[in-house]
Structures are given as structure tokens and as C-alpha cells.
Amino acid sequence: MAKGLHNLIRLGEWQVDEKRRALGTLLTTVANMEGLLASLEAEIISEQAAATATPVEGGLIYGSYASAAIERRNNFHARIALVEEEITEAREELRLAYLDLKKYEIVQRQREEREAI
């Protein structure tokens, strides 16, 4: 049975690593989207300055640009919110996998201590 626990521990470690990688991927995705959102905000400021510099042309063009930029901003916020929900779920899955691993390790340690006596 001790061999079985070693296999369960190894499997648990693998599952924890997989959950960590998945969480890392989601966190990277959010960071990338937040970077793109920051770039969009900088672009909006730049376009506002360009529209102010040439009021006639800028006034005609900026309105449609602003509408599209607002829609893009809203899409980024919505996608970030969805990924953050996935992050919450991934953290919970990681926590549960870690708890399972710790259970196996504790049982194994207790068995080893009993055998040592």
C-alpha cells in the first residue's frame, strides 16, 4: 500500500503543477489584456489631442473613432472580468488539489513514523 501512496503523491504533485500552470496562463492573459487596455487609453488621449489640433477634420472623424474606442474599451473590461472569474475558479481548483496532495503526504508521513517505531 505504501507504493500506492507514493503514486498518489506523485499524481497529486503533477495535478498541483498543472493547476499552477493553468492559473499562470490566466494571470498572464489578464496582464496582457490590461496592457492592451492601457495602450488603448493612451491612443484615445493621443487622438483627442490630434482632434483638438485640427478641429474641423478632427471633429468629423473623432466622433466615430470615439464610439469604436469606447466599444473596444468595454469589450476589454468584459473579457477581463470573464478571465478574472476563471482565475477565481482556477485558484479554487489549485487549492483543492493542494489539499488532496497534503492529505496523501500526511498519511505517508504517519505510516513512515509508525514503521520507524
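The values are calculated or read from the model by the stated rules, or taken from the named source; none is laboratory data. This one's a predicted model, so the numbers in the text were calculated from it and none came from an experiment. Please note: Cβ atoms are built from the backbone with ideal geometry, for glycine as well, and neighbour counts cover all protein chains shown. The accessibility values were calculated without ligands, DNA or RNA, using every heavy atom of the protein model including side chains. Shrake-Rupley method; radii C 1.70, N 1.55, O 1.52, S 1.80 Å.
Compute the length gained on full extension between Glu71 and Arg91: take 0.36 nm times their separation in residues and subtract their Cα-Cα distance, giving the result in nm to one decimal.
4.2 nm
Determine, from the Cβ-Cβ distance of Arg21 and Ile80 and an R0 of 22 Å, the FRET efficiency 1/(1 + (r/R0)^6), rounded to the nearest 0.05.
On the way: r = 21 Å, r/R0 = 0.93.
Efficiency, rounded to the nearest 0.05: 0.60.
So which GluC sites (Glu not before Pro) in segment 11-117 are both in a DSSP loop and have at most 14 other Cβ atoms within 10 Å of their Cβ?
Numbers: sites: Glu13, Glu18, Glu34, Glu41, Glu43, Glu47, Glu57, Glu71, Glu84, Glu85, Glu86, Glu89, Glu92, Glu93, Glu105, Glu112, Glu113, Glu115; in loops: none.
Passing sites in segment 11-117 do not exist.
Looking at the chain as a GNM with Cα springs under 10 Å, which of Thr88, Thr25, Thr52 has the largest mean-square fluctuation?
Checking each option, the largest mean-square fluctuation is seen for Thr52.
Take the chain, connect every pair of alpha-carbon atoms lying under 10 Å apart with a spring to form a Gaussian network, then pick out the residue of Leu26, Leu99, Leu37 with the largest mean-square fluctuation.
Result: Leu99 has the largest fluctuation of those listed.
What is the helix-to-structure angle for 2-53, meaning the angle in degrees between its Cα long axis and the longest Cα principal axis of the chain, kept from 0 to 90 and rounded to the nearest 10?
10
Once the dipole of the chain is set up with Lys and Arg at +1 and Asp and Glu at -1 on Cβ about the Cα centre, which of Ala66, Leu8, Ala22 lies farthest towards its positive end?
It is Leu8, whose Cα lies furthest towards the positive end.
Would you look at the GNM of the chain, springs on alpha carbons closer than 10 Å, and say which of Leu36, Leu94, Leu23 moves the most?
Maximum among the listed residues: Leu36.
Could you please state how large a percent of the accessible area of the chain is carbon and sulfur, counting protein chains only and using a 1.4 Å probe?
That share works out to 58 percent.
So how strong a dipole does segment 28-108 carry about its Cα centre when Lys and Arg Cβ are +1 and Asp and Glu Cβ are -1, to the nearest 20 debye?
Numbers: 7 positive and 14 negative charges, 23 e Å.
Result for segment 28-108 is approximately 120 debye, rounded to the nearest 20.
Compute the accessible area per residue over the chain, keeping the other protein chains in place, probe 1.4 Å, unit Å². Let's see the in-between values first.
Numbers: 8290 Å² over 117 residues.
I get 71 Å² per residue for this part.
Once both axes come from the Cα atoms, what is the angle between helix 55-116 and the longest principal axis of the chain, in degrees from 0 to 90, rounded to 10?
The two axes meet at around 10 degrees.
Around Tyr62, under 13 Å between beta carbons, what's the net of Lys plus Arg minus Asp minus Glu among the other residues? Walk me through the numbers on the way to the answer.
Working: positive: none; negative: Glu43, Glu47, Glu57.
It works out to a net charge of -3.
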